[in-house]
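Notes follow once the structure below has been shown.
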Amino acid sequence: MDILKKISESCDYLKSRSEIRPKVAIVLGTGLGNFAEKIAVSDTIPYSEIPHFKVSTVQGHSGCLIFGHIDGVPVMAMKGRLHYYEGYTMQEITFPIRVMKAMGIETVMVSNAAGGLNPEYVPGDIMIIKDHINLFPEHPLHGPNIEELGTRFPDMSNAYDKALVKRALEVGEEKGFGLKCGVYVGTQGPTFETLAEYRYFRIIGGDTVGMSTVPEVIVANHAGMAVFGVSVVSNVGLDANLSNVTHEEVQQNTILAQDKLSLLFTEMVKCCG
Ligand code: HPA
């Protein structure tokens, strides 16, 4: 079945399951699912019930779409995302982003847990993503371009909407959060990096590194949606003593940042509502 038909079937199904018509979508990454508690939830729809959605296989990434309100603003949130390392294709990973566009979403907000490359970063820090470096081995727009979905050669110079970055930094100042702002390096995983790789990613300009986000952000840009992105630093890559990173450690350290992140996302949703 062609992708346009799949998108419209998913979209029609979601519209039949929820009366909410959100303008803002939020992708909740590893360990950040608790932000869902800030949403006044109207409808929860497991991915397994949505036509053409795939179901995530990773521990700690329960998969459902949530429709509700944050401070009166209608939102949809993806609790759990698909990762390339799980074996899905780039098209499968980014399909929900296509459906968001069809639902009328104008702004996509993404979060991820990431390794810190910048030597000033400590676990629990929140970094506003101002740009990314795509090191995935495949591109989500590879193949014939479907004009209805976007242009052949999308501009990526405002991939992370500059006005939203500026607003987030203002919120950080107002609330005394000490937010960081930097460049996210997206890799395929599932291995964490060798120490030499952490050094290399720092040298090429990265501040954090992770295994998600980049495919979704590319597709959101292709679709003409504004993107706001945040990394939560869950481990610090360049310190040899801390380098035996585990998935459990990543999840625990993201909990440190949860309250700040919830407040920040609430403010950002309000300014996009
Ligand atoms: N590397 C890649 N992905 C990650 C890391 C890391 O150190 N921490 C959390 N996600």
Check: In region 200-225, which residues are part of a helix (DSSP H, G or I), more than 10 Å from the ligand (Cβ to nearest atom) and either in contact with an Asp or Glu (Cβ under 9 Å, 6 or more places away or on another chain) or under 23 Å from M90 (Cβ atoms) (or both)?
Finding: Y200, V214, P215, E216, V217, I218, V219, A220, N221, H222
Check: Restricted to region 174-199, and to residues that are in a strand (DSSP E or B) and within 16 Å of the ligand (Cβ to nearest atom), which residue is surrounded by the fewest Cβ atoms within 10 Å (Cβ to Cβ)?
Finding: G182
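If you take the residues of region 84-130 that are among the aromatic types (F, W, Y) and within 16 Å of the ligand (Cβ to nearest atom), which of them is nearest to H142 (Cα to Cα)?
First pass over region 84-130, keeping only residues among the aromatic types (F, W, Y): 84-85, 88, 95, 121.
Pick out the ones that are also within 16 Å of the ligand (Cβ to nearest atom) and you get 84-85, 121.
Details: Y84: 15, Y85: 18, Y121: 34 Å.
Only one residue fits best here, namely Y84.
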Margin query: Cβ contacts < 6 Å: first residue over 19 Å from M109 (Cα atoms), restricted to region 147-163; second residue part of a loop (DSSP other than H, G, I, E, B), any location; separation 6+ or different chain. Result?
Written below: G150/A223; R152/N145
Next item on the list: Test D131 against the stated conditions and say whether it is under 19 Å from the mean Cα position of the chain (by Cα) and crowded, with 21+ Cβ neighbours inside 10 Å.
Entry: no
Next item on the list: Report whether or not V171 is within 21 Å of the chain's Cα centre (by Cα), within 13 Å of the ligand (Cβ to nearest atom) and modelled with pLDDT of 95 or more.
Entry: no
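Kindly provide the set of residues from region 75-92 that are among the aliphatic types (A, V, I, L, M) and surrounded by 23 or more Cβ atoms within 10 Å (Cβ to Cβ), ordered by number. Can you show your working first?
Initially, region 75-92 is screened for residues among the aliphatic types (A, V, I, L, M), giving 75-78, 82, 90.
V75, M76, A77, M78, L82, listed by residue number.
The values are calculated or read from the model by the stated rules, or taken from the named source; none is laboratory data. Small disclaimer: the values here were computed from a predicted structure and weren't measured. Cβ sites come from the backbone with ideal geometry, for glycine too, and all protein chains shown count toward neighbours.
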